[in-house]
1. Quick one: which helices (runs of 4 or more DSSP H) lie wholly within the range 143-237 and hold at least 2 residues that are touching a residue at least 60 places away in the same chain (Cβ under 8 Å)?
2. Tell me, yes or no, whether the range 150-167 has at least one residue that is in contact with a helix residue (DSSP H, G or I) (Cβ under 8 Å, 6 or more places away or on another chain), closer than 30 Å to A23 by Cβ and small (G, A, S).
3. Restricting to the range 238-248, name every residue that is in a loop (DSSP other than H, G, I, E, B) and of a type outside the set (S, T, N, Q).
4. Taking helices (runs of 4 or more DSSP H) that fall entirely within the range 86-133, which contain at least 3 residues that are at pLDDT 85 or above and either outside the structural domain of V274 (by TED's automatic domain parsing) or not charged (D, E, K, R) (or both)?
5. Can you tell me which condition G79 does not meet? The list is (1) more than 22 Å from the chain's Cα centre (by Cα); (2) at positive phi; (3) modelled with pLDDT under 90, and all the others hold.
6. Can you tell me which of (1) surrounded by fewer than 18 Cβ atoms within 10 Å (Cβ to Cβ); (2) over 23 Å from V238 (Cα atoms); (3) not aromatic (F, W, Y) is the one A162 doesn't meet?
Amino acid sequence: MISKILVPTDFSESSKNALEVAASIAREHNAELVLLHMMGMAGGMVSKSEQQEVFKAMYYMRYAEQQFSELLEEEYLKGLKVTDTVHNYTNFNEINGIAQDMDVDLIVMGSHGATGLKEVFVGSNTEKVVRTSEVPVLVIKHKAVNFTPKLGVFACDFETPAIGPYKRAKRLFDLLGIEMQLLYINLAGDFRSTREIEKRIMKFMTEAGEKEPLEIVNKVVQYNDYSVESGIFAYSQVINADLIALPTQGRQGLAHFFSGSIGEDIVNHSDLPVMTFRI
């Protein structure tokens, strides 16, 4: 059940795009939206005294109140339960604690500019959220009207640590009505035979508690490529997927997942939303 969705916002176009998607999900599942503004996340002035600090806080609070007031007038929010809140943080790592305190089921946030996964995630505020978040994070890269994804790719290495993310992704996909296509990228520099991969996936599905693991193994696509990123995007394009889902490596974040070469020509042309699940 999706009952509460957290949307971090800096009132930019990308965060508004994320809010519109979150509103679509909230309407479908009768969920509450929580809009979170992180005071000072854009940098702000350098304070030299407590008085300056107070004035700065007052300025940001008034700015946030004005922006929230305008945002709540958006037509796509009409009829939804929406709560807005401001937290005096400058580091997006704290969003996990806020999500836990508010008992959030999903975080939806926008990304700025770049379209490649590494460009979007590694070192960015988005990467800081997905690295620490214990709830799924849906990253929206462009404006999406009537967000109704039907087919999503879940890509992983099918090692034991990814079982938790797989099970959570499967539950969320079911709730959202998304068909899940499982994907293994067989790298040229770390090539494994079909039989080796099948044995790994069989072990994974058995440990995950699947009742018919062999049936699932037969549906997992093995795709050959020179990098994980280019393989994910190339296959997602082949099947015309609506969404990509990935496990993340906790403190190592997506930097661990995206080590190695990057097929930038393919990566940088993907407009797909990305959903992450922490290991």
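The values are calculated or read from the model by the stated rules, or taken from the named source; none is laboratory data. All figures in this text were calculated on a predicted structure; none of them were measured in a lab. Cβ coordinates were reconstructed from backbone atoms using ideal geometry, including for glycine residues, and neighbour counts include every protein chain displayed.
1. Details: elements: 163-176, 194-207, 213-217.
By residue number, 163-176.
2. So far as the range 150-167 goes, yes, one or more of its residues are in contact with a helix residue (DSSP H, G or I) (Cβ under 8 Å, 6 or more places away or on another chain), closer than 30 Å to A23 by Cβ and small (G, A, S).
3. I239, A241, D242
4. It comes to 95-101.
5. Exception for G79: condition (3).
6. For A162, the exception is condition (1).
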